[in-house]
Structures are given as C-alpha cells and as structure tokens.
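Working notes, beginning with the structure itself.
The values are calculated or read from the model by the stated rules, or taken from the named source; none is laboratory data. Keep in mind the model is a prediction, meaning the values are calculated, not measured. Here Cβ is always computed from backbone atoms with ideal geometry, including for glycine, and neighbour counts include all displayed protein chains. The area values use the complete protein model at the heavy-atom level, side chains included, leaving out ligands, DNA and RNA. Shrake-Rupley method; radii C 1.70, N 1.55, O 1.52, S 1.80 Å.
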Amino acid sequence: MNRSLLALLAVTALLSACGLRPVYGGGGHGAVAQTLGNVDVQPIEGKGGWLVRNALNDRLSVMSGNGPRYKLVVKLDDQISGFGLRSDAAITRERRTLRARYQLVDEATGAQILDDTAGSDAGIDVTSSEYATIAAEDTALERLSQTIADQIVARLALFATREQAAKAP
C-alpha cells in the first residue's frame, strides 16, 4: 500500500512540474474567458448557419468580456450524399457533411488573426418514409452544428491561451 501511495505522489509531482495549466484558469473571469467573451459572431447564411451561430453564441455568451473586440466570420458548406444502394439502385444510406471555414478578425485594425476550418459528418438511414428521412437529416444537421461550434470554440480558446502566454512576462 505504501509503495502505491508513493508512486501516486511521484506521478502527481511529475505532472505538476510539466507546466500544464487549465485553459479556463480563473473561471469565467480568467484571461481566456475574457478574450472569448469579446468575440462577436457574425450572421451565417442558411439553416445550418443559424444553428451554428446560436451554438457559438450559447458557448461564448457565458464568458465575461468588455464588448466586441473580435468578430468571427463563418462560412458553411453543407452537403448530403447518398452511398448505400440496394439491388434496385435505391439509396439506403446518406452522409451529411458540414464544414466551416472561420476567420477571427480584430475589430480595431481589421486584421485577420485566425483562419481555420472545422468539420464533421453524420450517417443517416434512408427509410421508406420521406418524413422520417427528412427528420433524420435535420437531426443530423443539429448535431453537426453543435460539434462544429465546439471545435471552433476550442480553437478560439487555444488562440486566447497563446495570446495570454505572449503577453505574460
């Protein structure tokens, strides 16, 4: 028992010395949260755009900021393609792919600070009911929108962490 406790303490000491720090250190009032709270998400075209923008605003609105310092411009590419075929050539499976190209722009200078992409896809069963298939396509778009928003916010948090580290003495 003493050896396992000693090993655990040794691992804990090693991990604390590696320099890892939580991204959201300081909670909603930390430097990263304040940077994310200063991001204004621009309108995005289409139903998928509406879903992604709402998901981004849900995630960013809980952060504390002093007002828009950055604007986030997002362009989406939403595709549905059939790939499962029965012997009568009817499609049995679809793939919905949602890709986002996003840019973070400094409001004061107009300089583009970040230009990146995010994406995800989902499989959809095509049934004999057209209504069920359309409902599945919509549900897939809702899930993909949440995933895209998570990816974008994670990348913005990484940017904010690096910005914070660059300012630190």
Discussion item. Among the residues that make up the stretch 134-143, is at least one of them in a helix (DSSP H, G or I), modelled with pLDDT of 90 or more and of a type in the set (S, T, N, Q)?
Written reply: yes
Item to complete: Spot the failing condition for Ile113; the list is (1) surrounded by fewer than 16 Cβ atoms within 10 Å (Cβ to Cβ); (2) farther than 16 Å from Leu72 by Cα, and only one is missed.
Response: (2)
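Please specify each residue of the stretch 73-103 satisfying the condition of being more than 15 Å from Glu142 (Cα to Cα), of a type in the set (A, V, I, L, M) and modelled with pLDDT of 95 or more. Can you show your working first?
Just the residues of the stretch 73-103 that are more than 15 Å from Glu142 (Cα to Cα), to begin with: 73-75, 81-94, 101-103.
Next, from what is left, pick out any that are of a type in the set (A, V, I, L, M): 73-74, 85, 89-91.
Correct list: Val73, Val74.
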Fill in: Failed condition for Gln146, given (1) more than 30 Å from Arg69 (Cβ to Cβ); (2) of a type outside the set (A, V, I, L, M, F, W, C); (3) open to solvent by 50 Å² or more (accessible area, probe 1.4 Å)
(1)
Worksheet, complete the sentence: The one condition Leu85 fails out of (1) of a type in the set (A, V, I, L, M); (2) surrounded by 12 or more Cβ atoms within 10 Å (Cβ to Cβ); (3) under 30 Å from Ser128 (Cα atoms) is (2)
Response to the item:
Quick count over the stretch 97-110, residues being out of contact with any Asp or Glu (no Cβ under 8 Å at 6 or more places or on another chain), open to solvent by less than 30 Å² (accessible area, probe 1.4 Å) and over 13 Å from Leu156 (Cβ atoms), is 1
Worksheet item: Which numbered condition trips up Pro43, out of (1) surrounded by fewer than 17 Cβ atoms within 10 Å (Cβ to Cβ); (2) modelled with pLDDT under 95?
Response: (2)
Response to the item:
Matching residues in the stretch 81-108 (assigned to a strand (DSSP E or B) and either of a type in the set (Gly, Ala, Ser) or within 21 Å of the chain's Cα centre (by Cα) (or both)) number 15
